[in-house]
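The values are calculated or read from the model by the stated rules, or taken from the named source; none is laboratory data. Everything quoted here is computed from the prediction, not taken from an experiment. Every residue, glycine as well, gets a Cβ built from its backbone with ideal geometry; the counts of neighbours run over all protein chains shown. Side chains included, ligands, DNA and RNA excluded: accessible areas come from the protein's heavy atoms. Shrake-Rupley method; radii C 1.70, N 1.55, O 1.52, S 1.80 Å.
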Amino acid sequence: MSGAPAKSATPHSSKMKKDESFLGKLGGTLVRKKKSKEVSNLQEEGKNAINAPMLTSGADIHPEDTLMDENAERNMLDPTSRENPKFKDLLRVLIDWINNELEEDRIIVKDLEEDCYDGQVLQKLFEKLSGRKLNVAEVTQSEIGQKQKLQTVLEAVNQLLRPHGWSIEWSVDSIHSKNLVAIVYVLVALAMHYSAPIRLPEHVSVQVVVVKKREGILQTSLVTKELTTTTEDAFDTLLDHAPDKLNVVKKSLITFVNKHLNKLNLEVTELDSQFADGVYLVLLMGLLEDYFVPLYNFFLTPENFEQKVHNVAFAFELMQDGGLNKPKARPEDVVNLNLKSTLRVLYNLFTNYKTTE
């Protein structure tokens, strides 16, 4: 969104005395000032944690992160998982989705950890999706205020999701401590619950470093966390398990689109390829809504990938202008000849305009 100021997500910071400089926050609990001997012990404990034989991932554990109470536990994303292409794609899809949803609020998210930890973005997103206004302060700079806002927001999220069988994999402390896995969990849950018009990458898993303190010793291990499973729907099932029924659906859709495109002396025989440049989609929307689409709004003979994506995205805008929900498929998927994506778009048109002459 051009011209929109980005949301500032600078963490709250406070001055610390010299002998407190090694101490940090763990799970949001502020640690009291330690005597010099305790600070020395802490340094040793942190060094042992970094060199622990169980930890082979190279996770970045700092001494100030390892001051833990007995039986306490902390989770950190393994650095290797952070660079996983599917995980990075998931982050990109979620960021694009949030920015699209919150465009009217002039909020721009660039980094989920830095922009979601204080509760402001989660509040606005939940309010937009649910249509509910939460009773929270608009601006909260203090850590206490941020956590109070998070508490209110997450309580509302949990009340919404828990009855539908969602496992609550997040908390106030984990979100506020910028635990990326917890942040992604809550965003994926909201996206799926509200049937967001996005295509989440399937079967995205990450490795999480779990640090536990038992009998004064830090123990580390790796745990696999599954962030997304499959998003199989009716068309996935048709493609994978009932190709005979798929052909029936395709014939019905071809009959439907040709009924209208024939008015322009156009005809479709291949659904997946002939809609890939977006031209027929744009023209079809004009026919269905009974208006002429000015030729300067789209590329009648697109010459490259970007122009095709522009056309499909423009067709999606026309669909929304006609009162349809934003298609779940991405314009890029249609351009890339993804049959399921194209079928989803056309089937949505079929169900809404099948009685249109």
Could you check segment 267-290 and list, in sequence order, the residues that are in contact with a helix residue (DSSP H, G or I) (Cβ under 8 Å, 6 or more places away or on another chain) and among the acidic types (Asp, Glu)? 267, 272, 277, 289
Of the residues that make up segment 243-261, is at least one at pLDDT below 85, in the same structural domain as residue 338 (by the TED database) and among the acidic types (Asp, Glu)? yes
Being of a type in the set (D, E, K, R), more than 15 Å from residue 188 (Cα to Cα) and without any contact (Cβ under 8 Å) to a residue 60 or more places away in the chain narrows it down to one residue among 111, 105; which is it? 105
Residues in segment 183-202: is at least one over 30 Å from residue 110 (Cα atoms), in contact with an Asp or Glu (Cβ under 8 Å, 6 or more places away or on another chain), open to solvent by 30 Å² or more (accessible area, probe 1.4 Å) and modelled with pLDDT under 85? no
Taking residue 293 and the conditions (1) open to solvent by less than 20 Å² (accessible area, probe 1.4 Å); (2) part of a helix (DSSP H, G or I); (3) touching a helix residue (DSSP H, G or I) at 6+ places or on another chain (Cβ under 6 Å), which numbered condition does it fall short on, given that it satisfies the others? (2)
Condition met for residue 172 (closer than 28 Å to residue 325 by Cα, assigned by the TED database to the domain that holds residue 193 and in contact with a Leu (Cβ under 6 Å, 6 or more places away or on another chain)): no
Do we have any residue at all in segment 308-320 that's touching a Ser or Thr at 6+ places or on another chain (Cβ under 7 Å) and open to solvent by 70 Å² or more (accessible area, probe 1.4 Å)? no
Just one of the numbered conditions (1) at pLDDT 85 or above; (2) part of a loop (DSSP other than H, G, I, E, B); (3) under 28 Å from the mean Cα position of the chain (by Cα) is not true of residue 229; which one? (1)
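A quick yes/no check of all residues on (1) within 23 Å of residue 134 (Cα to Cα); (2) part of a helix (DSSP H, G or I):
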position	(1), (2)
163	yes, yes
166	yes, no
218	no, no
222	no, no
225	no, no
Residue among 124, 88 that alone is surrounded by fewer than 19 Cβ atoms within 10 Å (Cβ to Cβ) and modelled with pLDDT of 90 or more: 88
When residue 326 is run through (1) under 22 Å from the mean Cα position of the chain (by Cα); (2) part of a helix (DSSP H, G or I), the failure sits at (2)
